[in-house]
Every structure is written in C-alpha cells, then in structure tokens.
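The values are calculated or read from the model by the stated rules, or taken from the named source; none is laboratory data. Note that this is a predicted model, so its numbers are computed, not measured. No Cβ is skipped: glycine too gets one built from the backbone with ideal geometry, and neighbour counts run over all protein chains shown.
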Amino acid sequence: MFPADQQTLRRMKLAFHSITGFPNVVGAIDSSYIAVKTPSLYEEVFVNRNIGVHSINIQAVCNPDMQIINLVAK
C-alpha cells in the first residue's frame, strides 16, 4: 500500500536518494505486457497492437526495499 504518512514518505525519499542520488523520489515504476489466452467476450479489447497478441498491461510501483506498494492491471 502506498504510504500516506509524512514520516514514511520522508524515509523513502532519503532511502531512494542514497541509492540513486535523485531527490524526492518515493517509488520506482515499471510496466509490462502479460500475454493472455484469447477471451471469448470483448476479444478486441485485449488485442495489443504493439506486439500483435492478446495481453493486459501491468504497472507496478516499488519502494526502496523493493516491495510493491501499488499495482494496476488492465
């Protein structure tokens, strides 16, 4: 879960700064396409035009301890 309290956010910013040298970073973000079997309903919604297969996009945010604090799968 993404932190809301100022003490945790400050600790995360300091930890990321010591790792990367970038100030005020609270998370590292990345995304990836995950292939799925062709669905029987709404098939066209899952067509990935970039790679030509059916997929969903996964986006994750990690804290400086490499723990996932936010995840979106669509």
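Could you check the stretch 17-74 and list, in sequence order, the residues that are touching a Phe, Trp or Tyr at 6+ places or on another chain (Cβ under 9 Å) and of a type in the set (V, I, T)? The answer is V25, V26, V36, T38, I51, V53, I56, I58, V61, I69. The set of residues from the stretch 1-33 being surrounded by 10 or more Cβ atoms within 10 Å (Cβ to Cβ) and among the aromatic types (F, W, Y) comprises F2, F16, Y33. For the stretch 1-22, what are the residues that are more than 18 Å from I68 (Cβ to Cβ) and part of a helix (DSSP H, G or I)? Scanning the stretch 1-22 gives Q6, Q7, R10, K13, L14, H17, S18, T20.
Only one of S32, S18 is at pLDDT below 95 and either of a type outside the set (K, R) or touching a Leu at 6+ places or on another chain (Cβ under 9 Å) (or both). Can you tell me which? Lay out the reasoning, then the answer.
On the way: S18 fails: at pLDDT below 95.
On inspection, the qualifying residue turns out to be S32.
For the stretch 36-74, a residue qualifies if it is surrounded by 12 or more Cβ atoms within 10 Å (Cβ to Cβ) and more than 30 Å from Q6 (Cβ to Cβ), and the qualifying residues are V36, F46, V47, N48, V53, H54, S55, I56, N57.
Between G21, G27, which is in contact with a Cys (Cβ under 8 Å, 6 or more places away or on another chain) and of a type outside the set (A, V, I, L, M)? Write out each step before concluding.
Working: G21 fails: in contact with a Cys (Cβ under 8 Å, 6 or more places away or on another chain).
One residue alone meets the criteria, G27.
The number of residues in the stretch 23-74 being among the hydroxyl-bearing types (S, T, Y), assigned to a strand (DSSP E or B) and more than 30 Å from R10 (Cα to Cα) comes to 2.
For L9, state whether it is without any contact (Cβ under 8 Å) to a residue 24 or more places away in the chain, farther than 18 Å from A73 by Cβ and within 19 Å of the chain's Cα centre (by Cα). Give the derivation first.
Numbers: without any contact (Cβ under 8 Å) to a residue 24 or more places away in the chain: yes; farther than 18 Å from A73 by Cβ: yes; within 19 Å of the chain's Cα centre (by Cα): yes.
Here the answer is yes, as L9 does meet what is asked.
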